[in-house]
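Everything below concerns the one structure shown next.
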Amino acid sequence: MIKKLVLASANPAKLRELQALLAELGIEVLAQSALGVPEAEETGTSFAENALLKARHAAQHAGLPAIGDDSGLVVDALGGAPGIYSARYAGRHGDNTANIRKLLHAMHRLPAEKRSARFHCAMAWVRSADDPAPLICEADWEGRILEAACGHGGFGYDPVFLVPGKGCSAAELPPEEKNRLSHRGQALRKLVAQLRTLADS
């Protein structure tokens, strides 16, 4: 079983989530920024393509196995937008406040039944940059878009994502509960199950 890998992201919140989820396996997760790895260009046309592109890029520069993930918000009333452009929906990469503002403006006055949405995550693991058999797992977290932001936890669109059955936004969930329910947590658990199978074979 691998003991160390690089995460193809500089997002500290994403790093904390993955470190918490992989700690039980004794796997050390390093951010690519800590190893001087530049960010990859996200030129894929799907979440899975971008996740794999980022994983290969990080593995090539770091010389370690790598996990790349691409995730975003898919809103039915907006034809699937913001989708793979979630992080830069309002124009500048990672401007969560501007992205949320644009989303809420686009959905202004839509009734609750037309506010369905989901977070989607694709996660790719490679042994090396040219791994011919990468592992790719995907998962969805269904919910609804709120009319205003609530909560200060999480990151990205969490403050406007209503969690089914919880009566609160994703930003109001305790971190351990978010890890259990989230698209990223689901995708990572699928990936870890596959890694365990490989290790046992």
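The values are calculated or read from the model by the stated rules, or taken from the named source; none is laboratory data. All values reported here derive from a predicted model rather than from experimental measurement. Quick reminder, even Gly has a Cβ in these numbers, built from the backbone with ideal geometry, and neighbours come from all protein chains shown.
Surrounded by 23 or more Cβ atoms within 10 Å (Cβ to Cβ), in contact (Cβ under 8 Å) with a residue 60 or more places away in the chain and in contact with a helix residue (DSSP H, G or I) (Cβ under 8 Å, 6 or more places away or on another chain) - does that describe any residue in region 52-63? Scanning region 52-63 turns up no residue that is surrounded by 23 or more Cβ atoms within 10 Å (Cβ to Cβ), in contact (Cβ under 8 Å) with a residue 60 or more places away in the chain and in contact with a helix residue (DSSP H, G or I) (Cβ under 8 Å, 6 or more places away or on another chain).
Grab the strands (runs of 3 or more DSSP E) fully contained in region 1-97, keeping just those with 3 or more residues being within 30 Å of ARG115 (Cα to Cα), within 13 Å of the chain's Cα centre (by Cα) and at pLDDT 95 or above.
Values: elements: 4-7, 28-31, 66-75.
Hits in region 1-97: 66-75.
With respect to the conditions (1) closer than 22 Å to ARG184 by Cα; (2) small (Gly, Ala, Ser); (3) surrounded by fewer than 15 Cβ atoms within 10 Å (Cβ to Cβ), ALA87 falls short on a single one, namely (3). Against the test of being surrounded by fewer than 21 Cβ atoms within 10 Å (Cβ to Cβ), touching a residue at least 24 places away in the same chain (Cβ under 8 Å) and under 19 Å from GLU17 (Cβ atoms), the options ARG118, ARG144 yield a single qualifying residue, ARG118. Taking the listed residues LYS178, LYS102, the one that is more than 18 Å from PHE47 (Cβ to Cβ), under 18 Å from the mean Cα position of the chain (by Cα) and surrounded by 13 or more Cβ atoms within 10 Å (Cβ to Cβ) is LYS178, with no other qualifying.
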